[in-house]
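The values are calculated or read from the model by the stated rules, or taken from the named source; none is laboratory data. If you're wondering where the values come from, they're calculated on a predicted model, not measured in any experiment. Glycine gets a Cβ as well: all are built from the backbone with ideal geometry, and neighbour counts include every protein chain shown.
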Amino acid sequence: MNDKNKTRILIVEDEVAIRTGLIDVFVYHGYDVDFADQGDEGLAKALTGEFDLILLDVMLPGMNGFEICNRIREQSREQAIIMLTAKSSDADIIEGLTLGADDYVSKPFSVAQLVLRVEAVLRRTATLQTQSQKIQLGDDVVIDCLNLSCERSGEIQSFTRREIEILQYLHANSERPVSRDELLNKVWGYASDLELETRTVDIHMAKLRRKIEADPSTPQYLVTVRGAGYKLLG
Ligand code: CA
């Protein structure tokens, strides 16, 4: 079952019909798939480090998806995680993103859409691994994009993969402001500008400012350009 050439996906989902459907779809698309129907079993499998990506339900017996996400991130920033949220509740999504999930899909979801999200997350993971670079901001912040971390005033901060992608995109386009729609399109791979997703950008910017700015309320590096978007100043 364990084919080294295939991308490995772990599906943690207790609802039989959804789990079976997901297994069929991802096997059909050429992935090596394993599953767990209990939260604690899902965590144990995820922590083996054998999986490239984890599809993680939130409401699970044994241990909920947020806690599993948190525990995985304590040990690994490499594994991609997509949360399957029960409803498109802002609170769920915000919590998932804060804990370091790479993306989320709200139930009921379209399987075709989920496959696209999985491919997009895996593509970004691969891109990030080939772009080893550091971003220097002023005299006090050096962001290590490969290790998803930075040091600011002697304090180590860690980033999610998505946060680093945002910084890399802004850095590559630092001569101009970048709009939220452009970020959603280029960094998230979304075509839509749904209000909820636009807010997702704002949530990420707030999190980034808490990590890289001395005073997040008056940002020095990650600035807002009124009516135009965000700009990263070196
Ligand atoms: Ca469930």
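Key figures for this structure:
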quantity	calculated
Failed condition for THR48, given (1) in contact (Cβ under 8 Å) with a residue 40 or more places away in the chain; (2) over 19 Å from the mean Cα position of the chain (by Cα)	(1)
Near pairs, Cβ below 9 angstrom, 6+ apart or cross-chain, from the stretch 55-67 (at negative phi) to any residue that is within 11 Å of the ligand (Cβ to nearest atom) and basic (Lys, Arg)	ASP57/ARG19; ASP57/LYS107
Test: residue in the stretch 106-115 that is within 12 Å of the chain's Cα centre (by Cα) and either β-branched (Val, Ile, Thr) or modelled with pLDDT under 85 (or both)	no
Failed item, numbered, when VAL58 is tested on (1) more than 16 Å from the ligand (Cβ to nearest atom); (2) at pLDDT below 95; (3) of a type in the set (Val, Ile, Thr)	(1)
Failed condition for ARG73, given (1) within 21 Å of VAL25 (Cα to Cα); (2) modelled with pLDDT under 90; (3) in a helix (DSSP H, G or I)	(1)
Odd one out for TYR230, checked against (1) more than 30 Å from LEU22 (Cβ to Cβ); (2) modelled with pLDDT under 90; (3) among the hydroxyl-bearing types (Ser, Thr, Tyr); (4) surrounded by 17 or more Cβ atoms within 10 Å (Cβ to Cβ)	(2)
Cβ-Cβ under 6 Å pairs, at least 6 apart or on other chains, the stretch 5-18 side of a type in the set (A, V, I, L, M, F, W, C), far side part of a strand (DSSP E or B) and away from the ligand (no atom under 16 Å from the Cβ)	ILE9/VAL33; ILE9/LEU53; LEU10/ASP34
Lone qualifier among GLY62, GLY42 - being in the same structural domain as ASP103 (by TED's automatic domain parsing), in a loop (DSSP other than H, G, I, E, B) and among the small types (Gly, Ala, Ser)	GLY62
Looking only at the stretch 123-146, and only at residues there that are at pLDDT 85 or above and surrounded by fewer than 18 Cβ atoms within 10 Å (Cβ to Cβ), the one that is farthest from the chain's Cα centre (by Cα)	ASP139
Residues within the stretch 23-39 that are within 16 Å of GLU119 (Cβ to Cβ), part of a helix (DSSP H, G or I) and without any contact (Cβ under 8 Å) to a residue 40 or more places away in the chain, tallied	2
